[in-house]
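Bear in mind these aren't lab numbers, they're just calculated from the coordinates by the rules spelled out. Bear in mind the structure is a predicted one, so any value in this text is a computation, not a measurement. Here the Cβ is made from the backbone with ideal geometry for all residues, glycine too, and neighbour counts use every protein chain on show.
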Amino acid sequence: MIAAMNLDLPPFQPGSVWLVGAGPGDPGLLTALALHALSQADVVVHDALVDARIVALANPAAQVESMGKRGGQASPKQDQITARLVELARMGKKVLRLKGGDPFVFGRGAEEALVLAAENILFRVVPGVSAGIGGLAYAGIPVTAKQCNSTLAFVTGHDQDGDVPDGFDWESLARGAQVIVFYMGLSKVETLVQRLLAAGRRPDELMAVVSKAATPQQQVLETTLGSLVADLAATPLPAPALLVLGGVVGLRQHLRWWQP
């Protein structure tokens, strides 16, 4: 492991909380700051999407708590998780909140940080490689390519109530973003397809589903928007999964550099 003194990494203060992005899966995508936090933490509170190989890198003396939320399963509520972070920090612990991807990209890290700030608890945000970029790269799908797109949108597949979000203009999204990446949209795929088709996207447009990106269990389905629902019914893929719509999917035939 890289010595903290070589990079002048900041100390992990007792009574503070670090919100750390673990990336999409591959432990090699961890940042130096993330590794530093893992080695120094007294308590690691991780979510369900963090790869077990990353959790295993924690300080052997650290207390490890799983506080993951998964759709359709009994899970801790967000306020319970945040309350636990506050409680541990007030006990003088060095608290590592370990989140898949990046804490501030559909990771609810901002909600946790706002509570910590209101409680006058020192915190640090350690960005991670977002699954919508790094996970797709491991599938050989670039989110931008000069010959395909100059616009890109990241969209959550469900809101806080678990429904497809209605808080934005689907027609503007469909017109304005040549490539659209959906996080957490697998369980709502029929509704997403209907909304996109109704908003003007073509049924023959290329689409891919990347399941368990950047892990040994990664699977990729290449299809079209119009065939997505039927193809997923024929070849079901497990969550978590990313959905990507746009011409960049066609580059995968040339850019499949990694096989799990």
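Couple of notes before you dig in:
- Phi-based couplings in Hz for the stretch 194-204 (Karplus 6.51, -1.76, 1.60; Gly and Pro marked x): 4, 5, 5, 5, 5, 7, x, 6, 7, x, 8
- Residues whose amide H lies under 5 Å from that of residue 156, counting only those 5 or more places away or on a different chain, are 183; hydrogens are built 1.01 Å from N in the peptide plane.
- 5 Å-binned pair-distance histogram of the chain (Cα, whole percent): 1, 6, 13, 17, 17, 15, 12, 9, 6, 4, 1, 0
- Residue separation of residue 75 and residue 235 scaled by 0.36 nm, minus their Cα-Cα distance, works out to 54.9 nm of gained length.
- Inter-part distance, the stretch 7-57 to the stretch 162-230, computed on C-alpha centroids, equals 31 Å.
- The dipole here belongs to the stretch 132-255: it is taken about the Cα centre, uses +1 on the Cβ of Lys and Arg and -1 on the Cβ of Asp and Glu, and is about 440 debye.
- In a reduced charge model with +1 at each Lys and Arg Cβ and -1 at each Asp and Glu Cβ, the chain shows a dipole moment near 440 debye about its Cα centre.
- Phi angles across the stretch 39-54 convert, under the Karplus curve 6.51 cos²θ - 1.76 cosθ + 1.60 with θ = phi - 60°, into 3J(HN,Hα) values of 6, 9, 5, 7, 9, 10, 10, 10, 8, 6, 8, 7, 4, 4, 5, 6 Hz, Gly and Pro given as x.
- Distance (nanometres) between label positions extended 7 Å along Cα→Cβ at residue 253 and residue 168: 3.0 nm
- Note that the stretch 11-22 has calculated 3J(HN,Hα) couplings of x, 8, 6, x, x, 10, 10, 9, 8, 10, x, 8 Hz, one per residue in order, obtained from phi through the Karplus relation 6.51 cos²θ - 1.76 cosθ + 1.60 (θ = phi - 60°); glycine and proline are x.
- The residue list 210, 40, 101 was ranked by how far each Cα lies along the charge dipole of the chain toward its positive end, using unit charges on Cβ atoms, and 40 comes out on top.
- Stretch in the chain that is longest and holds no chymotrypsin sites (Phe, Trp or Tyr not before Pro) that DSSP places in a loop and that have at most 15 other beta carbons within 10 Å: 1-167
- Within the chain, helix-based [θ] at 222 nm, where runs of 4 or more DSSP H residues each add -39,500 (n - 2.57), nearest 500: -7000 deg cm²/dmol
- Beta-bridge orientation, the chain: approximately 40 percent antiparallel, per DSSP, counting only bridges with both partners inside.
- 5 Å binning of all Cα-Cα separations within the stretch 132-255, expressed as whole percents from 0 upward: 2, 11, 23, 27, 22, 12, 3, 0
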